[in-house]
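First the structure, in the form of structure tokens, and then the observations on it.
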């Protein structure tokens, strides 16, 4: 978008759109007007006709829009727009018709995953919005003359209008939490629109707003007993799955045989939309193979089941393709790419995933750790100086990388509140590590975007039950900044749309309102399991959790050693790295020093690969 009329940007918008061709291999479209150019790549899922291609104009011709994602409840919203003459049967036209009728207030009606932009030709105004939980990304760049926006950073870089400079403010979050956190990106000047937010641009002026917040306390469960809560959770889970079955192409599902994916598949079978298509990635090595459990679930729910046998070496073979597919660097995500590619190659375009169950239903160990720590809250009433003196005796000394090192950080916190504790519980590299390996803290104490955001919302977070405080922090932190981002960028890299029933607004709002006494796990995710009884077999509920625990530690010392070493030597020459310390860290890892984890080394390898591939100046 240009703030002043004049000039044609048709070639630029095509470059930007082509840079994301993997997101939409089925069709492309462009408009170029006096002040606005829009481009779109389409992955056809709802209303497969060319009439639904984008950019899309409303029937008055006043509004034109581009839209990434799905609005799951579009048929319900369409019923509220009886005065609009629809030309198509999909969700795109419902979205633009809703905006034409309600303006910004249309966001309150939508249930889905989306990022969209609407240009009002009459008012010369651009409106952009992103879904509540941040499933779909949206990046933008603004200078004095123009605003660029896209679903990927690489698209903005393809414009040729943005200098490829590293945003050093993003590095603290990347090294601490393994990905770059909103509002930053790794590129100076390029920003992320945060989840649940909108922005309006008119006459070069930008207005921001938030229309949904995960920390908002809802009282729906306040007057319910335990059984009513469980009944409501089951209703909302089924509703969420039903919403995500909307499609004009076959819908599949990831099926690991764990609680979350099995719950999604079981509810898919209940929707009555036909036999689910399920896919399991299996391995010859029984340490990683979960296929017997997946087959048990597939048999119980009579699914069309496909077992995709994969050797761990395939992950090595695909690693460079996965790294090339990273729009922005992340130390996680290789697994998502390989699994998504295997399912896409099996002919599936849309797949439901069980990702998000741990975050919502307190499935991770640090939920219990945070609750356990509350029993010792009296320690944090001891004056800070006294705690510093006593901490070494309690932790057995200072070990920056170990559990005792993390406990030392926790014991020295000014208070045991979620905004203080969560960043420590989720960190990859500690502040001590960063001081040892980088120059980022040379100018004073480090701050991270996640840490600052949690502090800003401290009051809102503390109104929630304790376990819900952890869930809300997890949504603000790892879930939005890493998990959802990786799921989107790695699946869309192979033109696969992934839908996540556990990231449903109505479900999330209700579960976060549930008191701890009903959610505190008797066993992992017991509230979810009890709410769905008798859906899941005991063999699934009480089996040992496996997951994709591949031998990365061994690979980095063997198969990936030369690849990693070359990148680490290059990284060691960067101005923000203490090169000798990093290379010594690498030598310690190769020598088997247990205090250096492979994940910490991998952070530097991935970042250097991304910087080189994208020709980013530091």
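Tabulated values for the structure
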| item | result |
| --- | --- |
| Options 329, 276: the member that is surrounded by 22 or more Cβ atoms within 10 Å (Cβ to Cβ) and modelled with pLDDT under 95 | 276 |
| Complete set of residues in segment 527-551 that are in a helix (DSSP H, G or I) and crowded, with 18+ Cβ neighbours inside 10 Å | 527, 528, 529, 530, 531, 532, 540, 541 |
| Among the residues listed as 261, 256, 247, 313, the single one being surrounded by fewer than 19 Cβ atoms within 10 Å (Cβ to Cβ), at pLDDT 90 or above and either assigned to a helix (DSSP H, G or I) or within 25 Å of the chain's Cα centre (by Cα) (or both) | 247 |
| Which numbered condition residue 324 misses (of (1) at pLDDT below 95; (2) under 22 Å from residue 151 (Cα atoms); (3) surrounded by fewer than 23 Cβ atoms within 10 Å (Cβ to Cβ)) | (1) |
| Test: residue in segment 469-481 that is surrounded by 17 or more Cβ atoms within 10 Å (Cβ to Cβ) and not in a helix (DSSP H, G or I) | no |
| Residue list for segment 568-580, filter: in a helix (DSSP H, G or I) and either at positive phi or surrounded by 14 or more Cβ atoms within 10 Å (Cβ to Cβ) (or both) | 568, 569, 570, 571, 579 |
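Yes/no per residue for (1) modelled with pLDDT of 95 or more; (2) within 21 Å of the chain's Cα centre (by Cα); (3) not assigned by TED's automatic domain parsing to the domain that holds residue 380:
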position: 394; (1), (2), (3): no, no, no
position: 398; (1), (2), (3): no, no, no
position: 404; (1), (2), (3): no, no, no
position: 407; (1), (2), (3): no, no, no
position: 410; (1), (2), (3): no, no, no
position: 425; (1), (2), (3): no, yes, no
position: 433; (1), (2), (3): no, no, no
position: 438; (1), (2), (3): yes, no, no
position: 447; (1), (2), (3): no, no, no
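The values are calculated or read from the model by the stated rules, or taken from the named source; none is laboratory data. Values in this document were obtained by computation on a predicted structure and should not be read as measured data. Note: ideal-geometry Cβ built from the backbone for every residue, glycine included; neighbour counts use all protein chains shown.
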